[in-house]
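See below for the structure under consideration.
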Amino acid sequence: MAIIITDECINCGACEPECPNTAIYEGAEDWTYAQGTNLKGTVNFQGKKLNADEEQEPISDEYYFIVPDKCTECKGFHEEPQCAAVCPVDCCIPDEDVVETEQQLLEKQAFLHN
């Protein structure tokens with residue numbers, strides 16, 4: 001499962017530097033698949049072709065957000081999701097809408113960083 005930041009977020013920013021995939025962004029910030037990964041140019045990602053360098057719309061305009069396509073729950077880096085470990089208000093929780101196995105998360109991590 002990916003991690004999601006709930007609307008209880010106080011915008012402290014503690015989570016952002018902890019993410020090894022650069023999947024966490026400040027509210028209203030554009031993002032790219034390339035940021036914090038080894039992806040460049042056109043890539044085939046989870047069955048779709050996309051430009052890793054193309055700016056994407058923010059998922060939230062009000063508080064920090066996690067890009068589910070880039071979230072690996074820190075698998076391949078840490079024992080637990082680092083955003084949840086440092087969040088002072090416990091608003092980094094599993095996203096019930098994005099369920100992935102440990103193997104899928106490790107494969108995503110390898111794709112993003114190899």
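Bear in mind these aren't lab numbers, they're just calculated from the coordinates by the rules spelled out. None of the values given here were measured: they were computed from a predicted structure. Using ideal geometry, Cβ is built from the backbone for each residue, glycine included, and neighbour counts are taken over all protein chains shown.
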Review point. Only one residue in Asp7, Asp69, Asp61, Asp30 is among the charged types (D, E, K, R), over 16 Å from Phe111 (Cβ atoms) and within 14 Å of the chain's Cα centre (by Cα), so which one is that?
Key: Asp30
**Study point:** Filter result for Glu100 (charged (D, E, K, R) and surrounded by fewer than 17 Cβ atoms within 10 Å (Cβ to Cβ))
**Key:** no
Study note, to complete from the structure: When Asp53 is run through (1) charged (D, E, K, R); (2) surrounded by 18 or more Cβ atoms within 10 Å (Cβ to Cβ); (3) touching a Ser or Thr at 6+ places or on another chain (Cβ under 7 Å), the failure sits at (2)
Revision key, fill the gap. Checked the stretch 56-73 for anything out of contact with any strand residue (DSSP E or B) (no Cβ under 9 Å at 6 or more places or on another chain) and surrounded by 16 or more Cβ atoms within 10 Å (Cβ to Cβ); matches are Thr72
Point to revise | Among the candidates Asn44, Asn21, Asn11, residue that is within 25 Å of His78 (Cβ to Cβ) and exposed (fewer than 12 other Cβ atoms within 10 Å of the Cβ) | key: Asn11
Check your understanding: Restricting attention to the stretch 78-87, does a residue exist that is touching a strand residue (DSSP E or B) at 6+ places or on another chain (Cβ under 9 Å) and either surrounded by fewer than 16 Cβ atoms within 10 Å (Cβ to Cβ) or without any contact (Cβ under 8 Å) to a residue 24 or more places away in the chain (or both)?
Key -> yes
Review point. Counting only residues that are in a strand (DSSP E or B) and within 20 Å of Thr101 (Cβ to Cβ), how many does the stretch 17-30 have?
Key: 0
